[in-house]
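Below is one structure, written out as structure tokens; comments come after it.
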Amino acid sequence: MTISPVRVIDPEKTRLVLIGVGGTGGYVLQQVARLLYSLREQGRRIPSVLLFDGDVVEQKNLLRQYFLEQDIGRKKAEVLAERYSRAYGIDIAAY
């Protein structure tokens, strides 16, 4: 007997929204991006991702978050959307 997975969402009509991409959100985003990349490589459709975070990168963020010196002064959501979109080739936007 073969059991097929239950489809709960339609990836073509769904957008994954992540609010806050600083400490915890940045780590979640990295894992989500890797998961979506893996699913896409298996031929599955994946949802687009939208990041919400109005904070800007500060010097103090460099020690514990996924940001670099050149990111200082830029919006966190924009930095990570660009970085992970480019790295994994998936649709990630920032607001």
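What follows draws every value from the coordinates through simple rules; no lab data is involved. These numbers were taken from a predicted model, which means no experiment stands behind them. So basically every Cβ, Gly included, is an ideal-geometry build from the backbone, and we count neighbours across all protein chains shown.
Its Cα gyration tensor gives region 13-94 an equivalent ellipsoid. The semi-axes, each the square root of 5 times an eigenvalue, are 23, 12, 10 Å from largest down. Note down the net charge around GLU58, summing +1 for each Lys or Arg and -1 for each Asp or Glu among other residues with Cβ under 11 Å from its Cβ. So the surrounding residues net to +1. Given R0 = 30 Å, the distance between the Cβ atoms of ARG64 and ALA87 translates into a calculated FRET efficiency of 0.90. Provide the percentage of antiparallel DSSP beta bridges, counting only those with both residues in the chain; round to the nearest 5. Beta bridges within the chain, antiparallel portion: roughly 10 percent.
Between the amide H of ALA93 and those of VAL49, LEU50, LEU51, distances stay under 5 Å, these residues lying 5 or more places away or on another chain, with hydrogens modeled in the peptide plane. The angle between the Cα long axis of helix 76-88 and the main principal axis of the chain comes to about 50°, on a 0 to 90 degree scale.
Report, in degrees rounded to the nearest 10, the 0 to 90 angle that the Cα long axis of helix 23-41 makes with the longest principal axis of the chain. With rounding to tens, the tilt is 40 degrees.
Each label point was placed 7 Å from the Cα along the Cα-to-Cβ direction; for THR2 and THR24 their separation is 4.0 nm.
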